[in-house]
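The block underneath contains the structure these notes are about, expressed in structure tokens.
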């Protein structure tokens with residue numbers, strides 16, 4: 001009788017050798033990124049961690065698959081089936097995502113209870129949460145040489161800070177991104193809002209809609225308060241990512257009416273994903289960035305496209321890109 005190899009279930013651990021975290025290729029990095037994002041598919045983790053450091057796409061896939069299997073079998077990660085889109089399609093489908101286990105949480109100094117409560121439940125339906133994770137992946141995979149992401153705090157982390165009285169913003173941002181310039185050591189914070197078109201901009205009776213209330217809260221939020229609450233000696237910009245260029249234009253106009261200026265940056269999600277044309281060419285180190293960091297952003301103040309990498313101080317980028325919040 002012919003026998004065929006048995007396919008291993010992605011949801012079942014196998015009694016193999018348990019590896020210490022230090023012995024797994026990019027193991028510590030994977031656990032840290034999963035902890036920051038809350039969850040991620042294998043493809044997202046490959047893009048965020050392995051693609052740029054591998055000789056070929058095939059090698060990147062092999063390294064990611066091997067490391068994730070070892071992390072899962074060694075108990076650092078759990079796997080959960082959820083309904084969510086994919087980076088290639090907006091349609092919901094049943095997919096496997098990686099989340100931290102108690103062991104993985106302890107390895108990066110995170111409370112295991114918090115890791116479990118913040119992880120998605122099996123068979124839950126994720127849409128906004130998935131695209132927020134995708135934004136984080138775009139930031140990690142395209143982060144140019146010369147910058148390092150020191151923080152990606154999702155809305156669950158920020159909500160916990162607000163409950164403890166450590167955040168005084170009226171509404172909770174979807175995420176906080178902090179990039180550090182490795183040459184000068186400066187940190188560049190960004191508060192992130194992901195708008196998928198489900199919130200009203202202004203209500204029909206002329207009062208402020210959901211989005212307008214958020215902007216009013218940001219406008220009234222003092223830079224000094226941010227520095228105190230986050231212990232970061234730099235003012236934040238607010239990155240607002242919409243589901244289309246048309247929606248982004250509408251949000252920019254509403255922000256201008258509310259007194260928002262150069263510290264509010266707007267982009268369409270398809271553009272940041274590289275689906276709506278490449279970022280503006282730029283013969284500088286900033287040209288090597290991914291679309292998230294490139295010249296794909298418009299402020300509420302004017303129509304000149306800005307580079308997020310340039311705003312973070314990379315040498316040689318266009319001076320106009322660096323003037324966004326001055």
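Just so you know, all these numbers are worked out from the coordinates, no wet-lab data involved. Owing to the predicted nature of the structure, the values given are computational and were not obtained by experimental measurement. Glycine gets a Cβ as well: all are built from the backbone with ideal geometry, and neighbour counts include every protein chain shown.
A few notes on this one:
- Cβ-based exposure ranking for 229, 134, 253, in which fewest neighbours within 10 Å come first: 253, 229, 134
- The mean sequence distance of close C-alpha pairs (under 8 Å, at least 6 residues apart), as a share of the length of the range 11-126, puts its relative contact order at 29 percent.
- Pair-distance distribution of the chain: all C-alpha pairs, bin width 10 Å, starting at 0; shares per bin in whole percent are 5, 25, 34, 24, 9, 2, 1, 0.
- Helix 245-257 and the long axis of the chain differ in direction by around 40°, with both axes built from C-alpha atoms.
- Between residue 168 and residue 102, the modelled labels are 3.9 nm apart [label points 7 Å from Cα along Cα→Cβ].
- Amide N of the range 35-58 lying under 19 Å from the label point, which is placed 7 angstrom from the Cα of residue 196 along Cα→Cβ: 37-45
- What the Cβ-Cβ distance of residue 81 and residue 128 gives, at R0 = 25 Å and to the nearest 0.05, is a FRET efficiency of 0.85.
- Paired Rg and Dmax values of the range 11-126, which use every Cα atom, in angstrom: 13.7, 38
- Gain on full stretching of the segment that runs from residue 22 to residue 90 - 0.36 nm per residue minus C-alpha separation: 20.8 nm
- Rounded tilt (10° steps) of 57-73 against the dominant C-alpha axis of the chain: 70
- Estimated distance in nm for a label pair at residue 256 and residue 145, the labels positioned 7 Å out from Cα along Cα-to-Cβ: 3.9
- Coarse-grained scattering of the range 71-124 at q = 0.20, 0.21, 0.22 Å⁻¹, given as base-10 log I(q)/I(0) from a Debye sum over alpha-carbon atoms: -0.72, -0.76, -0.80
- Cβ crowding within 10 Å averaged over residues, with 174-185, 137-148 ranked highest first: 137-148, 174-185
- Computed on the chain, with alpha-carbon pairs under 8 angstrom and 6+ residues apart, the relative contact order is 12 percent.
- Label sites at residue 156 and residue 43, each approximated as a point 7 angstrom past Cα along Cα to Cβ, lie 2.3 nm apart.
- Rounded to 10°, Cα long-axis angle of helix 27-37 versus longest principal axis of the chain: 50
- Prolate/oblate/rounded call for the range 108-167, Cα gyration tensor, a/c under 1.5 rounded: oblate
- Estimated FRET transfer efficiency when R0 is 30 angstrom, pair residue 51-residue 244 (beta carbons, to 0.05): 0.65
- Per-residue Cβ neighbour counts within 10 Å put 118, 58, 257 in the sequence 58, 257, 118, beginning with the fewest.
- Placing a label point 7 Å from the Cα of residue 13 along the Cα-to-Cβ direction, the residues of the range 78-117 whose backbone N falls under 13 Å of that point are 78-79, 100-105.
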